[in-house]
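Single-structure report; data block below.
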Amino acid sequence: MNDDDLQIQLILDHYKEPRNYGKIQNETTSITEANPVCGDTLHFSLLIESGKLVDIRFVGQGCSISQASASMLTEYVKGKSVSDIKKIKPEVVLGMIGIELGPAREKCALLSYNALMKALAPYN
Amino acid sequence: MINAQAVRKDFPILNRKIDGKPIIYLDNAATTQKPRQVVDAIVNYYYNFNSNIHRGIYRLSEEATDLYEKSRENVQGFIGAGKDGTVIFVRNATEALNLVAAEYSRNLGPGDEVILSTMEHHSNIVPWQFLQEKGVVLKFVDLTPDWELNLQQLETLLTPRSRVVSITHVSNVLGTINPVKEIGKMAHENSAIFVLDGAQSVPHMPVDVSSIGCDFMAFSGHKMLGPSGIGGLFGRKEDLDHLHPYMGGGEMINQVWKDHATWNEVPQKFEAGTPNIEGAIGLSAAVDYLKNLGMENVRSHERDLIGYALGLEEDLKIPGLRSYGPRNLNVRGGVYTFNIGDIPTFDLEMEMMSRGIRITGSGIHPHDVAQSLDRDNIAVRSGHHCAMPLMNELGVAATSRASFYIYNTREDVEKLFDGIRMTERTYAK
């Protein structure tokens, strides 16, 4: 196995067994983002308390890249302050996916990032 | 029959290796590879004949003009244009369809009908949608359960207000070969013109516009071994005489005054500006290549490959694998469109908001399928294939598509199915 193979195993692991999957009952806010071209869809549910993202969950449908990146992103941001999360650059998410993606598939990988940033926009 | 191994020697790109492995190119419905003969013809033009055509009073320009016009004659002969017909050189089938839709529609008004089908490429839908703002009504022929056009429905859709029937010869997704002679007859019996989208038929089977009886036909050069940026619109000179020019500029005029102009003869009337000279010459070389193989042979080669693919599909029983298109090989071109599992149409309200629970879609997304196959250098396309209305009809967000051509072999088809099987094992939840 080369590095790419290992990374694909990691992506598939998140895809098949997504972390933080589901909805938060007492959510502060939620957002649904989709790429209508390929049907990738993500719904994030967020619980924000005193400027901190206490909990985040998602449900979704689509390709392994879009779903795994959402799963990885929830793990990464959970418990962080909203202001710190807002400083995260898209490259961080692409780095989590860790394999070479063409421009079309970068959109899949960044669907989660764009959704989260949009959801957090009104908060600080 | 075609000797694909011999054919492959003419295509330098098929010798290229990525990660040390050869390329299995199965995206021929999108564009085909180019044989050495086509590239050589273009290089020869630039090295020995390059000059602007039609206007030069010197030998180089006369020779270039001759090459360009001989290319037109060659392409006309290839599609059976006959002495009354001509081919206008355009960029591609898309431009040809836009030209017809924009210019023929000058005769159309509110309540006039244009009949299309659910299996059309966006290029044979959107140009006609533009006419809706002048009150033109679009109607669509749907599919039968066998993935063919519902001709009985077409009969009922046709009315005295039907002015245009514009249908594809072969579906770029389903591979369905439509009964175009019959469709043309039905259109003409109702005094509608028949526009044919030949983008997926001219490269793959004998096409004779005179015997089909269509009024216009669009096709693309790059899908038939030719260079990109060149395509054709077939029409009868008499019909084209009555059509308004599409673009204004040099070459398409006869005389120009400050306030008006007169038009050049057909086909130059529709070729404003310096045309794609190298493209026409390259396309003509592609036509020579195909004529040399014989279009009957091209068709039987692809028929063999798609038949072999459908046989493998039935034998291997890969979990979740389903494909879309006629099983009757007489009406099936060399296109294999498939999914692994359900790829439900995107429906936000139904799927996400109401339940807010895990989505049931068990399918492997076509993007994953294509990327997984690419790891074995198998090039297929995934997405909506510029046929979103058809995707909606199929109830899927997207599909994967393998499409065959003269240089593909049964071994390529086997590798495709090995790849699909491996993908299913890797990605299935």
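The values are calculated or read from the model by the stated rules, or taken from the named source; none is laboratory data. Every value quoted in this text rests on a predicted model; they were computed, and no experiment measured them. Cβ sites come from the backbone with ideal geometry, for glycine too, and all protein chains shown count toward neighbours.
A few notes on this one:
- Within the range B:390-411, tally of residues that are surrounded by fewer than 22 Cβ atoms within 10 Å (Cβ to Cβ), away from every other protein chain (no Cβ under 14 Å) and either more than 27 Å from B:HIS301 (Cβ to Cβ) or under 25 Å from the mean Cα position of the chain (by Cα) (or both): 3
- Residues of the range B:1-54 that are assigned to a helix (DSSP H, G or I), under 15 Å from B:PRO227 (Cβ atoms) and in contact with a helix residue (DSSP H, G or I) (Cβ under 6 Å, 6 or more places away or on another chain): B:GLN37, B:VAL38, B:ALA41, B:ILE42, B:TYR45.
- Residues of the range B:73-83 satisfying the condition of being crowded, with 17+ Cβ neighbours inside 10 Å and in a helix (DSSP H, G or I): B:ASN74, B:VAL75, B:GLN76, B:PHE78
- Inclusion of A:SER81 among residues that are within 13 Å of chain B (Cβ to nearest Cβ) and either more than 17 Å from B:LYS429 (Cα to Cα) or modelled with pLDDT under 95 (or both) is not warranted.
- The strands (runs of 3 or more DSSP E) falling completely within the range B:113-205 include none with 2 or more residues that are of a type in the set (S, T, N, Q) and modelled with pLDDT under 95.
- Number of the condition not met by B:THR86 [criteria: (1) in a loop (DSSP other than H, G, I, E, B); (2) in contact with a strand residue (DSSP E or B) (Cβ under 8 Å, 6 or more places away or on another chain); (3) among the polar types (S, T, N, Q)]: (1)
- Extreme residue, surrounded by the fewest Cβ atoms within 10 Å (Cβ to Cβ), among residues of the range A:99-122 that are within 14 Å of chain B (Cβ to nearest Cβ) and over 13 Å from A:GLN67 (Cα atoms): A:PRO103
- Among the residues of the range A:102-112, none qualifies, meaning not one is over 19 Å from A:ILE11 (Cβ atoms) and of a type in the set (S, T, N, Q).
- Flag if B:GLU113 is under 27 Å from B:TYR289 (Cα atoms) and touching a residue at least 12 places away in the same chain (Cβ under 8 Å): no
- Residue count for the range B:125-156, restricted to those that are over 12 Å from B:ASN178 (Cβ atoms) and touching a residue at least 60 places away in the same chain (Cβ under 8 Å): 4.
- Output for the range A:2-20, where each listed residue is under 21 Å from B:ARG375 (Cα atoms) and part of a loop (DSSP other than H, G, I, E, B): A:ASN2
- Subset tally (residues that are buried (at least 19 other Cβ atoms within 10 Å of the Cβ), under 27 Å from B:LYS9 (Cα atoms) and of a type in the set (Gly, Ala, Ser)) for the range B:286-341: 4
- Sub-9 Å Cβ pairs linking a first residue in the range B:29-55 that is farther than 30 Å from B:THR337 by Cβ to a second residue that is of a type in the set (Lys, Arg) and surrounded by fewer than 19 Cβ atoms within 10 Å (Cβ to Cβ), at least 6 apart or interchain, are B:ARG36/B:LYS9, ordered by first then second residue.
- Matching residues in the range B:233-260 - criterion: being touching a helix residue (DSSP H, G or I) at 6+ places or on another chain (Cβ under 6 Å) and assigned to a strand (DSSP E or B): B:LEU233, B:PHE234
- Members of the range B:372-389 found to be within 11 Å of chain A (Cβ to nearest Cβ) and of a type in the set (Gly, Ala, Ser), listed by number: B:SER372, B:SER382, B:GLY383
Yes/no per residue for (1) surrounded by fewer than 15 Cβ atoms within 10 Å (Cβ to Cβ); (2) within 20 Å of B:SER166 (Cβ to Cβ); (3) small (Gly, Ala, Ser); (4) at pLDDT 95 or above:
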{"site": "B:HIS54", "(1), (2), (3), (4)": "no, no, no, no"}
{"site": "B:ASP66", "(1), (2), (3), (4)": "yes, no, no, yes"}
{"site": "B:SER71", "(1), (2), (3), (4)": "no, no, yes, yes"}
{"site": "B:VAL90", "(1), (2), (3), (4)": "no, yes, no, yes"}
{"site": "B:THR94", "(1), (2), (3), (4)": "no, yes, no, yes"}
{"site": "B:LEU99", "(1), (2), (3), (4)": "no, yes, no, yes"}
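- Residue selected from the range A:48-67 under the condition within 14 Å of chain B (Cβ to nearest Cβ) and aliphatic (A, V, I, L, M), by the criterion nearest to B:GLN371 (Cα to Cα): A:ILE65
- Residue pairs meeting the criteria (Cβ under 7 Å; at least 6 apart or on separate chains; first touching a residue at least 60 places away in the same chain (Cβ under 8 Å), in the range B:309-320; second outside any helix (DSSP H, G or I) and β-branched (Val, Ile, Thr)): B:GLY320/B:ILE340
- Qualifying positions in the range B:261-310 - of a type in the set (Asp, Glu) and in a helix (DSSP H, G or I): B:GLU278, B:ASP288, B:GLU296, B:GLU302, B:ASP304
- Test: residue in the range B:375-384 that is on the phi < 0 side of the Ramachandran plot, more than 22 Å from the chain's Cα centre (by Cα) and not aliphatic (A, V, I, L, M): yes
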